[in-house]
Amino acid sequence: HYSIENLDNQLVLKADSTNSASGLFKEVSVDLREYPYLNWRWRINSKLPESDEQQKEGDDYVVRVYVIRSGGLFFWRTKSLNFVWSSRDKTENTWPNAFAPANNRMVAIRSKHDNIDQWYTEKRNVYEDFKDWLGEEVIDIHAIAIMTDTDNTDGNATAFYGDIYFSKE
């Protein structure tokens, strides 16, 4: 369930998940040579129990932000970076997604050591992240998505998203 909420005197998107998964998807066209940085804010009210996120039964995250390059008619060529709040120890770890390993790269931005009920502002050079992952230049992306996901671990979560945009610096 998603709703617009006033939190800390700002309108943000609230996501609630109980043993479910849903996301919001927005088509955008961004030239990563000109606007390589993805910026966003997120906050969680609780953490999921630690799980093996590289296995299907542990592939849940209180918050995810996806950056998607479409494969067009060749849908199997679609690639996405998934920036996540991991239930595990380390940030900056990357791994293939448990359900679509060739098409989705997970990147832990936050971990179980980060605080709940606190806003975090993030910035990623997605041009470089795609290049590091795929070994090639990804010049443009076609969509952004967010997801609050608790279906595989039978959990529940409340999360907030705000200010998602691309920038030159």
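The values are calculated or read from the model by the stated rules, or taken from the named source; none is laboratory data. Just so it is clear, the model here is predicted, and its values are computed rather than measured. All Cβ positions, glycine included, derive from the backbone under ideal geometry; neighbour counts span all protein chains shown. Just so you know, the surface numbers come from the protein's heavy atoms only, side chains and all, with ligands and any DNA or RNA stripped out. Shrake-Rupley method; radii C 1.70, N 1.55, O 1.52, S 1.80 Å.
Of note:
Table: residues versus (1) modelled with pLDDT under 95; (2) open to solvent by less than 40 Å² (accessible area, probe 1.4 Å); (3) not in a loop (DSSP other than H, G, I, E, B).
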residue	(1), (2), (3)
Glu92	yes, no, no
Gln118	no, no, no
Lys123	no, no, yes
Phe130	no, yes, yes
Trp133	no, no, yes
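- Set side by side, the residues Asn103, Asn115, Asn156 differ, and just one is among the polar types (S, T, N, Q) and in contact (Cβ under 8 Å) with a residue 40 or more places away in the chain, which is Asn156.
- Taking region 12-43 as the range and being closer than 24 Å to Arg69 by Cα and of a type in the set (Lys, Arg) as the test, the residues that pass are Lys26, Arg33, Arg41.
- Residue within region 94-111 that is farther than 20 Å from Gly23 by Cα and over 16 Å from the mean Cα position of the chain (by Cα) present: yes
- Filter result (farther than 17 Å from Asn82 by Cβ, assigned to a strand (DSSP E or B) and open to solvent by 40 Å² or more (accessible area, probe 1.4 Å)) within region 8-36: Gln10, Leu11, Lys14, Asp16, Thr18, Glu27, Ser29, Asp31
- Gly71 passes every criterion in (1) in contact with a Ser or Thr (Cβ under 8 Å, 6 or more places away or on another chain); (2) not in a loop (DSSP other than H, G, I, E, B) apart from (2).
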